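Take a look at the structure set out below.
Each reported figure results from applying straightforward, stated rules to the coordinates on display, with no laboratory input. Quantities reported herein were computed from a predicted structural model and do not represent experimental measurements. Glycine also receives a Cβ, built like all others from the backbone with ideal geometry; neighbour counts cover every protein chain displayed.
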Amino acid sequence: MAVGSGRPIRVLVVDDSAFMRRVITRILESDPAVQVVGTARDGLEAVARAGLLRPDVITLDVEMPRLDGLAALPQILAVHPCPVVMVSSLTQQGAQATVRALALGAVDFVAKPSGAVSLDLDRVGAELVAKVKAAAAIPHPQTRGRGPAGGAAARSRPGPETGPKAISGPGAATGTGSGHGVPGAPRALTHLVLVASSTGGPGALYRLLGALPGDLPAAVVIVQHMPPTFTRALAQHLDEVSGLAVAEAWDGARLRDGSAWVAPGDHHLVVTAGGVLRLDQGPPLHGVRPAADVTFASVPEELARRAIVLVLTGMGADGAKGAQRLHRLGARVWVQDPGSCVVAGMPGATAALGIAERSGPPEDLARWLVEALGGGADG
């Protein structure tokens, strides 16, 4: 549970590099509110020391010998449920492992600027301290999610050759799309689902999209606060667990039913007339790019009348003002309930505007979408 103000935040640092353990310890203890109570050099040591030291927060490296971070995470949470912040390299392999860890219950991550042993980790020092302190403030850390991989939606979804799960275009051709780049017949855009998420978002997105059928008569547009390599890995992993065809968005992609699009890191995603997506590198909003408010503000009025907005877990208030605009234009607005959020800031800010029609965990939001929009024959 959340750390009280009377004592420092107790952190266990896990990394296979002695140099990185020293650097991470120095960065964290530069803030008087943080105390490193122990270190571990691999996942096996991390599991043992988590149970012994019972830290408030754990920073967990992804790539380690004997037992890596991805394999260690469920074991750590089993012996001592507490917030875990992943520390990952900016490689595609590191990104894929990190998004899987977020599905397994990690609450956030920090990307090492230059590989497994980053001599310039101080570049993200302030981010690391801020995310550890934010993790410690989570009232009731939960080992939620564990992703729907292997669940009913993943098992029953149509494959690229037997059903409509196909996305063609630049994303599919370059490997940034769903991996099912089989040209298919054009499909209409009946409804639009707009999703905003941040801290805790990947786990919530796995639960949401994993419960949606491939024949959903809507396109889903997702704005998750993440850097570029990680949004690509997120789209790929969501594609594995959902009946929908999921891709990282590219400039000029066209929305269609049964598809889902993840805003690429370092780009705002704009929805234009006819459901065509455009990428924009305008200034960050709320300190982030992509920002949900930019996407929500761009939706044409005609599409807004056919839209449902979902604001999921995350810090801050991104998405609230944009959801209010869409609500005025006729969109329905639903939010994730506080009890299932890692951080309830974004859905709370939206609900505070009095525009949220429904509130529930991701599985309920998915069920309500199917009930409101139809579909579900293949899921």
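How would you order 296-308, 248-260 from highest to lowest mean count of nearby Cβ atoms within 10 Å?
Listed from highest to lowest mean packing, they are 248-260, 296-308.
Which cross-chain or sequence-distant (5 or more) residues have an amide H under 5 Å from the amide H of V309, H modelled 1.01 Å from N in plane?
L194, R332, V333, W334
Charges on Cβ only, +1 for Lys and Arg, -1 for Asp and Glu, centred on the Cα centroid of the stretch 275-379; of Q336, Q281, A351, which one is farthest towards the dipole's positive end?
Q281
How much net charge surrounds L67 when only other residues with a Cβ under 10 Å from its Cβ are counted (Lys, Arg +1; Asp, Glu -1)?
Numbers: positive: R66; negative: D42, E45, D68.
Computed value for this residue: -2.
Compute the relative contact order of the stretch 319-379 as a whole-number percentage, counting only Cα pairs closer than 8 Å that sit 6 or more residues apart in sequence.
Reported relative contact order: 34 percent.
For the stretch 273-379, what percent of Cα pairs sit more than 20 Å apart?
43 percent
What aspartates and glutamates could a cross-link reach from K112, if we take a straight Cα to Cα line under 19 Å and drop same-chain neighbours fewer than 8 places away?
Cross-link targets: D15, D16, E29, D42, D61, E63, D68, D120, D122, E127, D266.
V47: net charge of surrounding residues, Cβ under 14 Å, Lys/Arg +1, Asp/Glu -1, itself excluded?
Taking every Cβ under 14 Å from that of V47, the sum is 0.
What length, rounded to one decimal in nm, is gained on full extension from R123 through to D266, with 0.36 nm per residue of separation minus their alpha-carbon distance?
Details: separation 143, 0.36 × 143 = 51.48 nm, distance 1.74 nm.
Between R123 and D266, full extension yields an extra 49.7 nm.
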